[in-house]
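The values are calculated or read from the model by the stated rules, or taken from the named source; none is laboratory data. The structure displayed is predicted, hence computed values, not measured ones. Neighbour counts run over all protein chains shown; Cβ positions are idealised from the backbone, glycine included. Each accessible area value is taken on the protein alone, full model and side chains, heavy atoms only, with ligands, DNA and RNA left out. Shrake-Rupley method; radii C 1.70, N 1.55, O 1.52, S 1.80 Å.
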Amino acid sequence: MSRKTVDRERQTLTRFVEVYCREHHHRNGNGLCEECGDLLDYARKRLERCPHDPKPKCKDCETHCYKPEYRARIKEVMRFSGMHFVKRGRMDWLIKYFL
Ligand code: SF4
Ligand SMILES: [Zn+2]
């Protein structure tokens with residue numbers, strides 16, 4: 001997988017988790033809470049170790065590499081933050097990632 005793809009997906013993941021944390025855990029400009037920081041760290045590691053090239057969308061992946069607990073959490077984050085961006089017309093953040 002190209003560095004560009006990894007960087008773009010990292011950026012998208014980060015943005016989605018930031019929005020979720022800000023809206024649910026009332027973090028504002030002081031970084032993520034412990035729970036969301038743990039989730040983002042996990043998701044970034046999965047991305048770095050993704051064996052697929054080209055990488056499919058995670059939601060379409062047949063060898064989904066997330067542990068069930070993390071998969072459920074990231075899905076919730078993606079669902080919530082995806083709707084957040086739709087409501088604000090930020091379609092540029094929705095091009096790729098949904099899990
Ligand atoms: S779920 Fe599939 S596509 Fe997503 S990071 Fe894991 S192996 Fe790669
Ligand atoms: Zn949080």
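For segment 3-94, what is the relative contact order in percent, using Cα pairs closer than 8 Å and at least 6 residues apart in sequence?
35
Using a 4.7 Å cut-off between beta carbons, which cysteines in the chain end up with no partner cysteine at all?
Among the cysteines of the chain, those whose Cβ sits 4.7 Å or more from every other are 33, 50, 58, 61, 65.
Per the 1.4 Å probe, what fraction of the accessible area of the chain, in percent, lies on carbon and sulfur atoms?
About 48 percent, which is the carbon plus sulfur part of the accessible surface.
Please determine, in degrees from 0 to 90 and to the nearest 10, the orientation of helix 3-25 with respect to the longest principal axis defined by the Cα atoms of the chain, where the helix direction is its Cα long axis.
Rounded to the nearest ten degrees, it is 30.
Compute the acute angle (0 to 90°) between the alpha-carbon long axis of helix 34-48 and the principal axis of greatest extent of the alpha-carbon atoms of the chain; round to the nearest 10°.
So the inclination is approximately 20 degrees.
So what's the angle, to the nearest 10 degrees on a 0 to 90 scale, between helix 68-87 and the longest Cα principal axis of the chain?
The angle comes out near 60 degrees.
If you count only protein heavy atoms with a 1.4 Å probe, what accessible area per residue comes out for the chain, rounded to a whole Å²?
63
Each label point is 7 Å from the Cα along the Cα-to-Cβ direction; what then is the distance between the points at residue 75 and residue 48, in nm?
Simple spin-label model gives 2.7 nm for this pair.
Which percent of Cα-Cα pairs in the chain sits in each 5 Å bin, short to long?
Whole-percent P(r) values from 0 Å outward: 2, 13, 25, 26, 20, 10, 3, 0.
Once R0 is set to 25 Å, what does the formula 1/(1 + (r/R0)^6) return for the Cβ-Cβ distance between residue 35 and residue 1, expressed as a FRET efficiency to the nearest 0.05?
0.35
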